[in-house]
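Below is one structure, written out as structure tokens; the observations come after it.
The values are calculated or read from the model by the stated rules, or taken from the named source; none is laboratory data. Here the structure is a predicted model, which is why all the values come from computation and not from measurement. Positions of Cβ are backbone-derived with ideal geometry, glycine not excepted, and every protein chain shown enters the neighbour counts.
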Amino acid sequence: MRPRTLVVGLALTASLALVALPGLTGSRASRPSEPVPVGALQPLPDSGGGSRHAITVDGLDTAFVGEGAVPVDATFIEPGDAPQGGPTTRPKVDQPDGSSRSVRKPEKYKLTGTATFYTAGSTAMRLPRGTVVIICGGGGCVERVVNDYGPQKPSRIVDLYKPDFFKICGCPSWSGTTEVTVYVY
């Protein structure tokens, strides 16, 4: 039985050597590309009966034009005089109140108290994270999502990111607190 295993082992070794060294066997060696000989190219027979016609190429179809492209023959109105005819003023339209409170659903409740700022980059309240709030002060309003728990002092109702604080505060940069109204949604 020993010679049989030896023969199988030698056969496997030889086959692995042929795969591992393809350059020696010539099976996987890359060949340099050779130019095609000119004699291999044949002329195309002319079926036109001896008369030659110029080749014409039509213009491009409209598929190459993007949406909103300006056509070649478009005219533009140059700045200057008003266009002839047409409306010269905007019509008056009776529209609903455009304040921020008119387009929002009613809040669940509102809180009034003192706000402060800190530089952690978040809005901290004693509300669950993810609660949407609108915080209004003397300088304006911001809409934020509660993403931290706080503030530490019970006399304050919200801690704001510093840029948000000064956006709604409308106060000088040395201020530390301001009175706000928080609308909880």
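Among the residues of segment 151-165, which ones are more than 15 Å from Leu111 (Cα to Cα) and either over 30 Å from the mean Cα position of the chain (by Cα) or part of a loop (DSSP other than H, G, I, E, B) (or both)?
The answer is Gln152, Lys153.
Of the residues Val145, Val184, which is of a type outside the set (S, T, N, Q), surrounded by 13 or more Cβ atoms within 10 Å (Cβ to Cβ) and touching a strand residue (DSSP E or B) at 6+ places or on another chain (Cβ under 7 Å)?
On the way: Val145 fails: surrounded by 13 or more Cβ atoms within 10 Å (Cβ to Cβ).
Every option except Val184 fails the conditions.
Only residues in segment 83-111 that are more than 30 Å from Leu127 (Cβ to Cβ) count as the first member; pair them with residues that are modelled with pLDDT of 70 or more, Cβ under 7 angstrom, at least 6 apart or cross-chain, and list the lot.
Hits for this filter: Pro83/Ile77.
Take the conditions in a loop (DSSP other than H, G, I, E, B) and modelled with pLDDT under 75 and apply them to Pro91. Does it pass?
Considered against the rule, which asks whether it is in a loop (DSSP other than H, G, I, E, B) and modelled with pLDDT under 75, Pro91 comes out as no.
Select from segment 114-140 the residues that are of a type outside the set (A, V, I, L, M) and either loosely packed, with under 14 Cβ neighbours inside 10 Å or not in a strand (DSSP E or B) (or both) and list them in ascending order.
Once the filter is applied, which keeps residues that are of a type outside the set (A, V, I, L, M) and either loosely packed, with under 14 Cβ neighbours inside 10 Å or not in a strand (DSSP E or B) (or both), segment 114-140 yields Thr119, Gly121, Ser122, Thr123, Arg126, Pro128, Arg129, Gly130, Thr131, Gly138, Gly139, Gly140.
Table: residues versus (1) among the polar types (S, T, N, Q); (2) closer than 11 Å to Thr114 by Cβ.
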position: Val133; (1), (2): no, no
position: Gly137; (1), (2): no, yes
position: Val142; (1), (2): no, no
position: Val146; (1), (2): no, no
position: Lys153; (1), (2): no, yes
position: Pro163; (1), (2): no, no
position: Ile168; (1), (2): no, no
position: Pro172; (1), (2): no, no
position: Ser175; (1), (2): yes, no
